[in-house]
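Contents: one structure, followed by commentary.
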Amino acid sequence: NSDADSSQTIRMSDYSFEMPEILVGRTVDLEIINDGSFAHELGLSQIKPGTTIDQMLEHQKSDPNSAADFVLGDPGGINIIGPGESLRYQRHLRAGSYVVFCPMAFVDGSRHYDAGMIRLFTVSDTRVETLPVADATITLNDDSIALPVLIAGKRSYAITNAGTVPHEVFIAGVPTRINPDWDVIGEQGGAWIEGGQVGPPPVEVQFPGGHQTIPPGETVVLTMTLRPAYSYQFQDFSGDQPIMAEASTS
C-alpha cells in the first residue's frame, strides 16, 4: 500500500527499539527512525514461536552464523542508519515470530543488543499486497551493482537481486568536496564502526540506509533521503570479493 497511513513506526534509540509487538503483514510497511546519537542497524531473524531473547543473545554470542534449531531463517534487515536519519521500508515477510536486534559494536567488543537493543515481534497474515512502484531501481547482480541516476532528496528505490546467489547493499555518502577515492567503509571507516563509533567519524559521512542479504529474485523498497552534492558508495560484501558502485547526486 502506498498510503503513508498504512505504515507502522520503529524508533531506534541508544539502546532500544520502540515498536509494535505485531507488525501488519505479510506486506510490511515500516517507518524506521534513528533517534539515537549513534548509527544503528536493524537485524532480523525469523524464529520458532516461544523462542526467548536469552536464547537469541546466547546464539549471537556463541556463533551467529551457526545453525540453531530455533532460528527458521534470516530474511535480512536494514544496514547502517546514521543518527537522525529515517527511511520507509516496504517488503514481504512470512507470517510468524521474529526478533529484531542491532549488531553494531561497542568499544569493548560487545554489541548494542547486549545493552538491550533487541525485541521480539510477530508478523501477521492480514495484508498481502504488491509492493509499490518505486521512483528508481538499484539492481544487485552477481558481479556488479547497477545504479540509477541519483537525485538529491527523498525518493523510493526498489532494491532487486537479479543474481543467482544472495546479495546485499551497504550505502554510505560523503560530500563531493572530499576525495572521492576515500573508502568510507574501508580500513579507517571500518575501524571506526567496529571500534564503537568513538569520537567523530574519520570523514563527514551519511548512512541513509541499505539492506542486508536479499535472496535471488526478491525485491525490497526503501524510501531514503540522499543529500545534494554527495558521492555515494554502494557495496556488496556477501561474496568472496566486495562489489562496489559509486554515483553522485545531481
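The values are calculated or read from the model by the stated rules, or taken from the named source; none is laboratory data. Computed from a predicted model, the values in this text were never measured in an experiment. Positions of Cβ are backbone-derived with ideal geometry, glycine not excepted, and every protein chain shown enters the neighbour counts. The protein model used for the area step is the full one, side chains on, heavy atoms only, and it has no ligands, DNA or RNA in it. Shrake-Rupley method; radii C 1.70, N 1.55, O 1.52, S 1.80 Å.
What do you reckon, is His40 open to solvent by less than 40 Å² (accessible area, probe 1.4 Å) and in contact with a helix residue (DSSP H, G or I) (Cβ under 7 Å, 6 or more places away or on another chain)? Here the answer is yes, as His40 does meet what is asked.
For segment 81-95, residues that are farther than 15 Å from Lys154 by Cβ and without any contact (Cβ under 8 Å) to a residue 60 or more places away in the chain total 1. Residues in segment 87-104 that are in a strand (DSSP E or B), open to solvent by 20 Å² or more (accessible area, probe 1.4 Å) and more than 23 Å from Glu58 (Cα to Cα): Arg88, His92.
Residue count for segment 45-86, restricted to those that are out of contact with any Leu (no Cβ under 7 Å at 6 or more places or on another chain), surrounded by 18 or more Cβ atoms within 10 Å (Cβ to Cβ) and of a type in the set (S, T, N, Q): 5.
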